[in-house]
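These notes concern the structure reproduced below.
Bear in mind that the values in this text are calculations on the coordinates, not laboratory data. Being a predicted model, the structure only gives us computed values, none of them experimental. Here the Cβ is made from the backbone with ideal geometry for all residues, glycine too, and neighbour counts use every protein chain on show.
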Amino acid sequence: MAMSHGSSILVGSIIYMVLGVAACFGFNTYVTKKTKNPHDVPENRTITLVSVTIATFCAWLMWVVAYMAQMNPIITPEWENHQPKSDS
């Protein structure tokens with residue numbers, strides 16, 4: 001069964017949301033382990049979470065704009081004859 005445009009955008013958005021949450025947890029764990037000074041951990045976590053969230057949102061926005069642009073194209077190809085007219 002084929003999905004309609006609305007449901008496929010919803011499924012894609014849920015996938016991006018799940019990937020964003022997984023990336024937040026993964027990078028949060030990585031940054032916590034790699035931070036040498038324990039006093040810098042909360043600040044580094046905040047920066048990491050904000051950066052990953054913004055990056056995930058920008059990637060989702062690019063995907064949804066490209067997907068929706070293909071739903072209903074604005075222009076269609078028009079073939080024009082650019083040959084010079086012959087005077088015969």
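Quick notes on this structure:
- Calculated diffusion of the chain, Stokes-Einstein form, Kirkwood radius summed over Cα pairs, 20 °C and 1.002 mPa s, µm²/s: 126
- Cleavage-rule hits, GluC sites (Glu not before Pro), the stretch 37-82, DSSP coil, Cβ neighbours within 10 Å at most 10: GLU78, GLU80
- Summary value for the stretch 5-70: 37 percent relative contact order, contacts being C-alpha pairs under 8 angstrom separated by 6+ residues.
- Angle in degrees between helix 41-71 and the longest Cα principal axis of the chain, rounded to the nearest 10: 20
- Sorted on the mean count of surrounding Cβ atoms within 10 Å across their residues, most packed first, peptides 7-14, 24-31 read 24-31, 7-14.
- Here the label points at HIS82 and THR35, each 7 Å from Cα along the C-beta direction, are separated by 5.8 nm in the simple model.
- Rounded to the nearest 10 degrees, the angle from helix 5-34 to the longest Cα principal axis of the chain is 30 degrees.
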